[in-house]
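Here the structure comes first, spelled out in structure tokens, and everything after it is commentary.
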Amino acid sequence: MPELPDVVGFQRYLEATSLHQRVAKTRVNDGRLLEDVTAGRLARCLKGRRLEGTTRHGKYLFARAGEGWLLLHFGMTGDLHYWKGPGTDPDYAQVIFDFENDAHLAYINKRILGKVGFIHDMDGYIDRQGLGLDVLAGDLTGGRFAKLLAGRSGPIKARLMDQSLIAGVGNIYSDEILFQARLHPQTDASDLSADDIQKLYRVMRRVLRVAAGKGGDLGKFPRGYFLPSREKGAPCPRCGGEVTKIVVVGRSGYFCPQCQKPTY
């Protein structure tokens, strides 16, 4: 499932392949992915425009196109594929951007759970989606993170995944963050000490920066990271004990019972 580090990888991929090329045509194969835009309007908004730059907020990627922004959200199975010249569209290519230089960028989504749109007010869109501060934003300080958690209860894994609180942490990386912070996923957020919260903040930012630097490629993660062992019964990379599966607010997670002992 694409999470923030994967979206950073998509952002770099789009920048490396598709910037400054004029869009000739936009083809929509499945309109269910379109958000607040018709296939015709999307094509008209992009025709003759160049993608001039990108920005990211949480798991959302935005590419500047003239007076507006191409919006891409990758859902659970989203991906991008760029190619030059003639050729068959990739499998599950739901939206294809054909450039005037005979190159193409495909937005791929097998399970039709992502979003493609065109917006003029990016900040307004982020507000309407109810997204909190981006987890790697410069203005998300340790003090501000503590204030966001103040008065919050419920499992800390659920709070990390709450996109209205902070945008960008998903199910998979919440497991890595909690493992590195040595916190049980069901620890109640209201039970965390001030030191616990600051440690969690530092670990969260470090884990996501490292993962983004590796493009989300688990095979490139540093030794001692949890995600390559994220499977029931797998050996914990720290203590060698068995990884355990847990369900928190309807989401399956994994942790090490020896390294992440409960406080309740």
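Observations on the structure shown:
- Scanning the stretch 65-107 for residues that are closer than 18 Å to residue 5 by Cα and either surrounded by 16 or more Cβ atoms within 10 Å (Cβ to Cβ) or outside the structural domain of residue 18 (by TED's automatic domain parsing) (or both) yields 71, 72, 73, 74, 75, 78, 79, 80, 81, 107.
- Of residues in the stretch 54-64 being of a type outside the set (Ser, Thr, Tyr) and farther than 22 Å from residue 41 by Cα, the one surrounded by the fewest Cβ atoms within 10 Å (Cβ to Cβ): 56
- Residue 215 vs. criteria modelled with pLDDT under 95 and either surrounded by 15 or more Cβ atoms within 10 Å (Cβ to Cβ) or in a helix (DSSP H, G or I) (or both): no
- Lone unmet requirement of (1) farther than 18 Å from residue 215 by Cβ; (2) touching a residue at least 12 places away in the same chain (Cβ under 8 Å) for residue 44: (2)
- Only residues that are under 13 Å from residue 179 (Cα atoms), assigned to a strand (DSSP E or B) and aliphatic (A, V, I, L, M) were counted in the stretch 218-264, giving 0.
- Candidates in the stretch 179-201 are the residues that are touching a residue at least 40 places away in the same chain (Cβ under 8 Å) and closer than 12 Å to residue 146 by Cβ; of these, the one that is surrounded by the fewest Cβ atoms within 10 Å (Cβ to Cβ) is 194.
- Filter result for residue 21 (under 24 Å from residue 168 (Cβ atoms) and either under 25 Å from the mean Cα position of the chain (by Cα) or in contact (Cβ under 8 Å) with a residue 12 or more places away in the chain (or both)): no
- Every pair of residues 6+ apart whose Cβ atoms lie under 9 Å, when the first sits in the stretch 133-144 and is in contact (Cβ under 8 Å) with a residue 40 or more places away in the chain while the second is in a loop (DSSP other than H, G, I, E, B) and surrounded by 20 or more Cβ atoms within 10 Å (Cβ to Cβ): 134/58; 134/140; 134/168; 135/58; 135/168; 135/169; 136/168
This table checks each residue for (1) under 22 Å from the mean Cα position of the chain (by Cα); (2) in a loop (DSSP other than H, G, I, E, B); (3) not assigned by TED's automatic domain parsing to the domain that holds residue 217.
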| position | (1), (2), (3) |
| --- | --- |
| 124 | yes, no, yes |
| 153 | no, yes, no |
| 164 | yes, yes, no |
| 174 | yes, no, no |
| 195 | no, no, no |
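- Residues considered: 203, 169. Of these, the only one that is under 22 Å from residue 59 (Cα atoms), in a loop (DSSP other than H, G, I, E, B) and not assigned by TED's automatic domain parsing to the domain that holds residue 57 is 169.
- The one condition in (1) assigned to a helix (DSSP H, G or I); (2) assigned by TED's automatic domain parsing to the domain that holds residue 35 that residue 143 fails to fulfil: (2)
- Which numbered condition residue 112 fails, given (1) among the aliphatic types (A, V, I, L, M); (2) within 23 Å of residue 212 (Cα to Cα); (3) touching a Leu at 6+ places or on another chain (Cβ under 7 Å): (2)
The values are calculated or read from the model by the stated rules, or taken from the named source; none is laboratory data. Computed from a predicted structure; not experimentally measured. We place every Cβ from the backbone using ideal geometry, glycine too, and count neighbours over all the protein chains shown.
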